[in-house]
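This report concerns only the one structure given below.
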Amino acid sequence: MTVEQSWPLCAELALQVDKDKNESIRDQINQDLVFASLFSAVVAAFVLESSKLLRVDQGEVAALILLRIHHQLNTLILIRQNASAPLPPLISDEELFIEPPEYAVAVNSL
């Protein structure tokens, strides 16, 4: 085999190796994209559901306020009956602060 005959054969073999390598890389990229898509869909579902836990439950806040009003009214009734009872304190921000669960904060910080 001469040099002129070997270069086309070498080029053909190199082209075949490159095609095989490119096809293998393309298949791997497709698999990675499918995995990334599924992973992001699952994470998004968890974040959407757990983000609800980060918000203050207005029903719970309303229940706390109503309970405080109930106690204040009871104390005011007792004050009318007995003048020595002190006035009830106003509701504070600390009493209304409802801390979200740790797992909800952890999931939403991802």
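If the condition is being among the polar types (S, T, N, Q) and assigned to a helix (DSSP H, G or I), then the range 1-37 contributes Gln5, Ser6, Gln16, Asn22, Ser24, Gln28, Asn30, Gln31, Ser37. Restricting Leu53, Leu48, Leu73, Leu66 to residues that are at pLDDT below 90, open to solvent by less than 90 Å² (accessible area, probe 1.4 Å) and in a helix (DSSP H, G or I) narrows the list to Leu53.
Pairs meeting the criteria (first residue in the range 23-44 and touching a residue at least 24 places away in the same chain (Cβ under 8 Å), second residue assigned to a helix (DSSP H, G or I), beta carbons under 9 Å, at least 6 apart or on different chains) are Val43/Val107. Selection of the range 30-45 for residues being open to solvent by less than 70 Å² (accessible area, probe 1.4 Å) and not small (Gly, Ala, Ser) yields only Val43. For the range 92-106, the set of residues classified as of a type in the set (Val, Ile, Thr) and modelled with pLDDT of 75 or more consists of Val105 only.
The values are calculated or read from the model by the stated rules, or taken from the named source; none is laboratory data. Owing to the predicted nature of the structure, the values given are computational and were not obtained by experimental measurement. Positions of Cβ are backbone-derived with ideal geometry, glycine not excepted, and every protein chain shown enters the neighbour counts. Heavy atoms of the whole protein, side chains included, go into the accessibility calculation; ligands, DNA and RNA do not. Shrake-Rupley method; radii C 1.70, N 1.55, O 1.52, S 1.80 Å.
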